[in-house]
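Working notes, beginning with the structure itself.
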Amino acid sequence: MANVAFWCSSSRLLSHSPTYVVPSKPQPNSVPAVGPTSPLLSYIGAFRLMFDSSRTIQEGYDKYDGLFRIADFRSWTVIVSGAQLIEDVRKAPEDVLTFEAAIDEAIHALAPKTRRSHFHVPIIQIQLTRELTNSFDAIRDEVMTAFSEVAPLTEEWSKFPALDTTLEVVARTTHRVFVGFPLCRNPDYISMCRDFAVNISKAAWVIRLFSPRLKPLVGRPFVDVPTALKRCIAHLRPEVEKRRENVKMYGKDYEGKPQDILSWFMDDVDGETDEEKLRHVAFHLMMINFGAVYTIATSFTQALYHLAAHPECIEPLREEIENVTSNEGWTKSVMGELRKLDSFLKESQRISGLGAISSYRRVLKPFTFSNGTTIPAGMTIGVAAWSTHLDEAVYPNARNFEGFRYVRADDEDEKTSQAQMVSSTPDFLAFGLGRHMCPGRFFTVIVLKVMMTHILMNYDVKLEKEGERPKDHWFVTENVPDTPLTETLNLTTMADMDVDPPVPAKGKEKEGKARFEVKKVCAAVLLSQLSLVFADDGTLYS
């Protein structure tokens, strides 16, 4: 795909004719565009997308039937909507529409010497999912322990920054399953994982705006991948060497072998030397760290905001949890019986999902939709997830949060599977589409449910400005929860609950510094566009 740029610096203007690169060929001219399409005026649409993406995409969704295109600073993207056309994308063969992941693009742009591989995907999809039943107790234990440290139970209201608090709990909980105890409670390791997850997300969305030549340049201010990789390797090395020694002494399937991501990565990774294998394991652990920590933390923060803004949902949720767990205890299968909780979390994802667009695909061969429109090779397409979720024709009262919206669909057993949060339909796109649905969605939902049940059964929750849910913020097409320093949640121990918190682990975690500062990110992008960006080959695209 050709790349785009704005204009060169003043010194470059003195010595050369200005180089312009506009949203690139190939362009599917049969697909209507949101905003101007002429070479230079198309930047109006690109700037609008960066600062007002939700309304830009909503305008195309409302105005055009099924397909429209939007411009960013490097290319055009075709946006797909409507059940039938979304189904076309789902059914398309991999050699025609291939999956694109912004995070993969970001990491490899910032660490180009690292070998590309996706061996981690089936491990997450199959082994991690199968092990959830056995891992459940560890997940719940880490959630309880982490909350007891970062949000100690008291009888007075206490303020906590929602996203930072959640990031700490999620980082420790996920890495309890990824690398095991005690590394999951190592302050420096968790700080590295937490900060990397947040910072690589910034880099990923900024990098998408730029040409390949400039991706490392604009991404480095947000995250230093080589340094983070070295820190990760240093922490993993003692545990990896211990497990390697056990394999040499007792065989690959030795008794007591940890059943976690680290073990499965060590079993499947390839490389000529032990050091190369260790680097490869650490790199892929960092990749899934982003997918787990940042996405679960932002999703849970959004759900917490909805919980505090809709106190009428609290008692029905508590009653359901008490009824189910009093009969069957705390197990992974019990989490599947919490229909109201599942509905609440799904509704939060519907109305405050991670992004306006999901299921990106690169067009490898000309692709014809069922309505007859052909998209040329080289284009990128994506699905209008957020607009679909807020479509009144799809969801009655779509812009209103209804925590138990999906419970009604669960009245009939045959509808249960489609109503569950982990399911994907053309109407619910939070986890993507088809074979490229999020491979860790079952793990994600379990962690979200365990965390929310802990909050509901141990805390009362209210917003700093009671009754006023913090507004979501958009950067490019990503939706992020409001996270200024003043935006806090107030927590207190439930007055009528006899709470016996777990014994806290020793040591105090470093204060989280990772924060999605939207204004700073936007300023950095603008500065880079105005002074640094130029064409890859110095030619004019039209």
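Points to keep in mind about this one:
- Solvent-accessible area of PHE404 with every protein chain in place, 1.4 Å probe, in Å² to the nearest 10: 50
- Computing FRET efficiency as 1/(1 + (r/R0)^6) for LYS462 and ASP141, where r is the C-beta to C-beta distance and R0 is 35 Å, gives about 0.80.
- Highest average first, the peptides 127-134, 75-82 ordered by how many other beta carbon atoms sit within 10 Å of their residues are 75-82, 127-134.
- Applying the Karplus relation 6.51 cos²θ - 1.76 cosθ + 1.60 with θ = phi - 60° to region 39-48 yields 3J(HN,Hα) values of x, 8, 5, 4, 5, 4, x, 5, 5, 5 Hz, where x marks Gly and Pro.
- Think of a 1.4 Å ball rolled over the protein heavy atoms: region 56-102 then has 35 Å² of accessible area per residue.
- For the cross-link pairs LYS242/LYS277; LYS63/LYS346; LYS332/LYS449; LYS332/LYS462; LYS159/LYS462; LYS91/LYS449, the ones whose C-alpha atoms lie over 20 Å apart are LYS63/LYS346; LYS332/LYS462; LYS91/LYS449.
- Accessible area in square angstrom per residue, region 248-325, 1.4 angstrom probe: 40
- Cα convex hull volume per residue for region 351-462 (Å³): 151
- Summing charges over neighbours of LYS257, with a neighbour being any other residue whose Cβ is under 10 Å away from its Cβ, gives -2 when K and R count +1 and D and E count -1.
- Anisotropy class of region 272-338 from Cα gyration tensor, a/c 1.5 cut: oblate
- Counting only protein heavy atoms and a probe of 1.4 Å, the accessible surface of region 51-91 is 42% carbon and sulfur.
- Pairwise FRET efficiency - ILE126 versus THR227, Cβ, R0 = 30 Å, nearest 0.05: 0.40
The values are calculated or read from the model by the stated rules, or taken from the named source; none is laboratory data. What you see is a predicted model, and the numbers here were worked out from it, not measured in a lab. Note: ideal-geometry Cβ built from the backbone for every residue, glycine included; neighbour counts use all protein chains shown. To get the accessible areas, we keep the full protein, side chains included, count just its heavy atoms, and leave off ligands, DNA and RNA. Shrake-Rupley method; radii C 1.70, N 1.55, O 1.52, S 1.80 Å.
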